[in-house]
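Participant: One structure, as structure tokens, below. Some questions next.
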Amino acid sequence: MIRLENVTKRYGETLAVDSLTLDIPAGEVCVLIGPSGCGKTTTLRMMNRLIEPTSGHIFVDEADVETLRPEQLRRGLGYAIQSVGLFPHLTVGENIVTVPKLLKWDKERMAARVEELLTLVGLAPSEYEGKYPRQLSGGEAQRVGVARALAADPPVLLMDEPFGAVDPLTRQRLQAEFVRIQRDLRKTVVFVTHDVDEAIRLADRIALMRGGRLQQYATPEEILDHPANKFVHDFMGADRALKRLGRVKVSDVMRTDVPTVDSSTRAADLRSRASCAEERFLYLVDGSGRLAGWFDCADLADGGGPESAMTSVDWRESAVASDASLKEALSRMLEFGFRSIAVVDGEGRLLGDVALPTIEAALGAGDTHVAAADGQGGARP
Amino acid sequence: MGSAQSRRIDRVAAAGALIALAGCVWLPFAVSRANRIVAGVPAGIGSAGAPGYALALLAVLALVAALYPDRGRRPAFALASAAALAAILPWALGRSAVTLLAGAPAFARVSVGGGAWLTAAGAAVVWFAASQAASRRTLGYAAAGLVAASWALAFAFGGLDRLSLVMEYAVQRDLFWSAVGTHLSLVGISLGIALLIGVPLGVAASRVGLVRDVVLGVVGVIQTVPSLALLGLLVVPLSLLGLPGIGPLPGVIALTLYSLLPIVRDTYIGLAGVDPAIVDAGRGMGMSRLQLLLRVEAPLALPLMIEGTRAAAVTIIGIAAVVAFVGVGTLGVLVFLGWGQQADDLILLGALPMVVMAVVADGSLRWLGRAVVSPGLRGDLR
């Protein structure tokens, strides 16, 4: 979709980008990463001709960008930047339709698009459409910035540290939403960041740059497992094993056929379920399938009453979301001292669980889609 | 409005009330002359009779309002006393004129004395302080309407037409209105030309560093040349072009040149102050330079551009008086005639309309600034 051939950018004596060749397939997220001054932002800005290369060629969809009018080119490449750059005199809705307006869409189509996009980025259209940028929080402004970049449904998105200016918690939420949105839209995304964790979480491919030169261009797994040189090795950090876990989503490896009982289960049934179960624990769900706690089967088998064998929990605290990474799951387990942890959806409904051996298997395997290993069901406080 | 701050005395209103009171009791309220140029004989507030004493009483009331602890009604009370002062003032002046002219020869004149000016100034201060504190604007508008009506009635029935200022007007009526017309059209034409030249210059200055240095330097130098000197200096280039060095042409040129600095400078500052990230976002989304200027940069610079226009308008309304020296019949003509004849009231006849014009221009352009600027740029957005 985007191809760079021997692209060089020279500022006087300094080489900002040195003979860079890069091929970004359609529908993939390519993260440009490297220390500051490595040429990643210059590379991005050459793609939409905000900067003209000194030599070399850039092709977008097989067309040499030099042959296109810059304005024409840019309207087809969504653009989102760290400082967002929302127009302060326009409302959120007017900001979002900046490019559609340039493309002369009709009013109904633009109004429908604003509503669609605000919903997509998780902002209530009725509440946010008429607000002005100064009334937004940092995270809200970044969401609007992304919505604005998506407005004319461009096949390509250029994003320069789009989540850079917000607090870490908001950044993680925005990253999760980016993953969700990208799963549906399958845009070709070029994403500049200096945050290794962000790159590993979002990238299909990582292009690691240093001093204007490409050091390695590969999948996150490949870069973590087989760094091309010492710089790549050092830049990715010493905790490469943990970083790998950031690539694996809980929903990809969780066990889904977990033993559950609900609150209507009688004590006798409970005891018989417990005695024949291979599991140590039985998950307890409420009427709507939400995680409410668990029973210790050993305790029940020894004749303990349901009350003494039961642990009540709040799903918001003692479980992980299905779109969390294994890194987050492991972190939660270590925090509580669990050997396995329940997986819930956004409403708290029990979807499955993840056990320590599963995580060990994921660490060992080269493939992200590791078969769920046999784990000890339930959890032990 | 229940804060401890507002419960204490209102210092501004108190000062205004004291000024008004001093005007009533200290300085001569009116000045009578045997004819319009001889030295005058001062007359106290007593010459104004009952309306005069009412003024003094109202000034005391305004003072009480300013000093009395506020229980929420103070702004309305202070505003009412200021309005009453302003409304009764023309009746007091009229009565004073009638009293002092009784039995005097036809040449005799009665001018407004320092005391009356001071009373008017004090009332204005109290009015300002009260309208700042008032929660609703309607009260101020109603009071202003009442005062205007009272002045109109005083002209018709209160003897205000016997004042020297009004008699000067009656004599100079034709000259006065032609001067007002000339003044306004000179200012309007010059401001229009300055906007046509100055805004593009400001845009160019914000794009090219060299243009910025040259243009801001030149308009800055122009501003430092005294107005009379500029009119003199213009004679040379105009005569080289075979154009007259006196008359409307040099006048318009001078006023246009003086308008340029605030307009060019504020246009430049407004555009240069636009956040580079906003420009980058606009360019990156495919706006052409013109689209970026018209849709993004200009709306963001608009508040400052209007402010520059306002500053220019207020400045050249004053300078237009000096243009009378090169033979243009602005309000300056009345001022210079009055100086020549040592007729103070003729000077005032020229000066007062200029003050009114400046205040109206200032107020209306401030209003425009609020009305056309996007709510997203205003500080009061929550």
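Participant: With respect to residue B:351, is the statement that it is assigned to a helix (DSSP H, G or I), away from every other protein chain (no Cβ under 14 Å) and farther than 25 Å from residue B:111 by Cα true?
Facilitator: no
Participant: Look at residue B:287 and say whether it is within 14 Å of chain A (Cβ to nearest Cβ) and part of a loop (DSSP other than H, G, I, E, B).
Facilitator: Here the answer is yes, as residue B:287 does meet what is asked.
Participant: When you scan the range B:118-235 for helices (runs of 4 or more DSSP H) that lie fully inside it, which ones turn up with 1 or more residues that are aromatic (Phe, Trp, Tyr) and surrounded by 15 or more Cβ atoms within 10 Å (Cβ to Cβ)?
Facilitator: In the range B:118-235, the matching helices (runs of 4 or more DSSP H) lie at B:138-157, B:164-207.
Results for (1) in a helix (DSSP H, G or I); (2) within 9 Å of chain A (Cβ to nearest Cβ); (3) in contact with a Gly (Cβ under 8 Å, 6 or more places away or on another chain); (4) free of Cβ contacts under 8 Å to residues at least 60 places away in the same chain, shown as yes or no for each residue.
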residue	(1), (2), (3), (4)
B:274	no, no, no, yes
B:277	yes, yes, yes, yes
B:280	yes, yes, yes, yes
B:300	yes, yes, yes, no
B:303	yes, no, yes, no
B:311	yes, no, no, yes
B:320	yes, no, yes, no
B:323	yes, no, yes, no
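Participant: Further question: Condition first: assigned to a helix (DSSP H, G or I) and within 17 Å of residue B:286 (Cα to Cα). Now tell me which residues in the range A:93-112 satisfy that.
Facilitator: Those that are assigned to a helix (DSSP H, G or I) and within 17 Å of residue B:286 (Cα to Cα): A:94, A:95, A:96, A:98, A:99, A:100, A:101, A:102.
Participant: Now a separate question. Residues being in contact (Cβ under 8 Å) with a residue 40 or more places away in the chain, more than 9 Å from chain B (Cβ to nearest Cβ) and farther than 15 Å from residue A:134 by Cβ: count how many of those fall in the range A:77-104.
Facilitator: 3
Participant: Go through the range B:12-47 and report how many residues are in contact with a Leu (Cβ under 7 Å, 6 or more places away or on another chain) and part of a loop (DSSP other than H, G, I, E, B).
Facilitator: 1
Participant: Keeping to the range A:6-28, report how many residues are over 18 Å from residue A:57 (Cα atoms) and crowded, with 23+ Cβ neighbours inside 10 Å.
Facilitator: Total satisfying the criteria: 0.
Participant: Moving on. Could you pull out every one of the helices (runs of 4 or more DSSP H) wholly within the range A:224-282 that has 3 or more residues that are in contact (Cβ under 8 Å) with a residue 60 or more places away in the chain?
Facilitator: Because the criterion is at least 3 residues that are in contact (Cβ under 8 Å) with a residue 60 or more places away in the chain, the helices (runs of 4 or more DSSP H) in the range A:224-282 that meet it are A:240-245, A:250-253.
Participant: Let me ask another. Given the structure, is residue B:247 under 30 Å from residue B:178 (Cα atoms), in contact (Cβ under 8 Å) with a residue 40 or more places away in the chain and more than 21 Å from the chain's Cα centre (by Cα)?
Facilitator: yes
Participant: Residues A:66, A:115: which one is within 25 Å of the chain's Cα centre (by Cα), free of Cβ contacts under 8 Å to residues at least 24 places away in the same chain, in a helix (DSSP H, G or I) and more than 12 Å from every other protein chain (Cβ to nearest Cβ)?
Facilitator: A:115
Participant: Looking at the range A:1-59, which of the residues that are at positive phi and touching a Leu at 6+ places or on another chain (Cβ under 8 Å) is nearest to the other protein chains (Cβ to nearest Cβ)?
Facilitator: Filtering first and then ranking leaves A:49.
Participant: Can you tell me how many residues in the range A:155-169 are of a type outside the set (Val, Ile, Thr) and in a loop (DSSP other than H, G, I, E, B)?
Facilitator: 7
Participant: Next up: Return the residues of the range A:234-251 that are surrounded by fewer than 16 Cβ atoms within 10 Å (Cβ to Cβ) and modelled with pLDDT of 85 or more; say none if nothing qualifies.
Facilitator: A:234
Participant: Next question, about the same structure. Select, from B:86, B:134, B:142, B:104, the only residue that is of a type in the set (A, V, I, L, M, F, W, C) and within 15 Å of residue B:12 (Cα to Cα).
Facilitator: Result: B:134 is the single residue among B:86, B:134, B:142, B:104 that is of a type in the set (A, V, I, L, M, F, W, C) and within 15 Å of residue B:12 (Cα to Cα).
Participant: Then there is this: Collect the residues in the range A:72-92 that are part of a helix (DSSP H, G or I) and in contact with a Lys or Arg (Cβ under 9 Å, 6 or more places away or on another chain), keeping them in residue-number order.
Facilitator: If the condition is that a residue be part of a helix (DSSP H, G or I) and in contact with a Lys or Arg (Cβ under 9 Å, 6 or more places away or on another chain), then A:73, A:74, A:92 are the ones that fit.
Participant: Then there's this: Please find, within the range A:132-149, the residue that is nearest to the other protein chains (Cβ to nearest Cβ) out of those that are touching a residue at least 40 places away in the same chain (Cβ under 8 Å) and closer than 17 Å to residue B:378 by Cα.
Facilitator: Checked the range A:132-149; the qualifying residue nearest to the other protein chains (Cβ to nearest Cβ) is A:132.
The values are calculated or read from the model by the stated rules, or taken from the named source; none is laboratory data. Remember, it's a predicted structure, so these values are computed and weren't measured experimentally. When we count neighbours, we look across all protein chains shown, and the Cβ atoms used for this are built from the backbone with ideal geometry, even at glycine.
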